[in-house]
Amino acid sequence: MSQQKWKEDYIKVQEYLKGNTESWDMLYNEAYPIVYNYVNRISIKDYIGNSMIDDIVSESFERCYNKLEVFKGRSKFSTWVCAFSRYVLLSQYSKEKTRNILNNKLKYISSIVSEIESPELIVIKKEQYRCLNTAFKALSSKHKLLIKCYILKIIPPNTVIKYTHLKYSDRMIELQIAINVLRRYYLFLYEKG
């Protein structure tokens, strides 16, 4: 049954390439709800809103349309378009995630700048950041992982478990050691500087 559908879709594509525009309309109308549901199902809602789903589906069909001559009928046409939509979605997700990260950093920086009223305070903040950065870089890789996971929350716990092989209680003990080392070295650098 499915291979029969593959052949039918291949024939419709070939007919369209020969000038039969109705073939494209049939392919599009049949595939659109499938592709839309696929994109809606796999999209990451924090980054891809409902309005963007329509754009992703449209771009997927546009890319597919531009590559029609390479469609060989090894799958249904809708499956082929879904493959395009996956790449479009991942590309859009990457752009949105980067945009969100940059926006959050800008908000953070602008909130700091708005709190600082004098050039002396700007220099102090910069020096504090430099000392904290130096102190963090001096930590062992295990301690960096623990702080990135449990304090900064930028990596998941399973990453820490994978690289440290520590039980939860041992991770918490090592985390406290990491915080104490970081704090002491930061204060040493800041007071020395």
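The values are calculated or read from the model by the stated rules, or taken from the named source; none is laboratory data. As the structure is a computational prediction, the values presented were derived from the model and not from experiment. We place every Cβ from the backbone using ideal geometry, glycine too, and count neighbours over all the protein chains shown. Calculation scope for accessible area: heavy atoms of the full protein, side chains included, ligands and nucleic acids excluded. Shrake-Rupley method; radii C 1.70, N 1.55, O 1.52, S 1.80 Å.
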- Per-residue ellipticity at 222 nm for the chain, helices alone: DSSP H runs ≥ 4 residues times -39500 (n - 2.57), over residue total, nearest 500 deg cm²/dmol? -27500 deg cm²/dmol
- FRET efficiency for S51 and D25 from the Cβ-Cβ distance with R0 = 30 Å, rounded to 0.05, comes out at 0.75
- How many percent of the accessible area of the chain is carbon or sulfur, using a 1.4 Å probe? 56 percent
- Query: If you take the beta carbon distance between S58 and L152 as r and set R0 to 30 Å, what does 1/(1 + (r/R0)^6) give as a FRET efficiency, to the nearest 0.05?
  - Reply: 0.20
- Message: Keeping every protein chain present and rolling a 1.4 Å probe, give me the accessible area per residue for the stretch 134-183 in Å².
- Response: 64 Å²
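Could you compute the FRET efficiency for Y65 and L132, with r as their C-beta to C-beta distance and R0 at 45 Å, rounded to 0.05?
Approximately 0.30, to the nearest 0.05.
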- In degrees, nearest ten, helix 21-42 long axis to first principal axis of the chain (Cα): 30 degrees
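Given the pairs K12/K76; K95/K126; K142/K167, which span a C-alpha to C-alpha distance of over 23 angstrom in this model? All intermediate terms of the calculation are to be shown ahead of the outcome.
Values: K12/K76 11 Å; K95/K126 29 Å; K142/K167 13 Å.
Violating the 23 Å Cα-Cα cut-off are K95/K126.
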- Query: Suppose every K and R has +1 on its Cβ and every D and E has -1 on its Cβ; what is the size of the dipole of the chain about the Cα centre, in Debye to the nearest 20?
  - Reply: 1100 debye
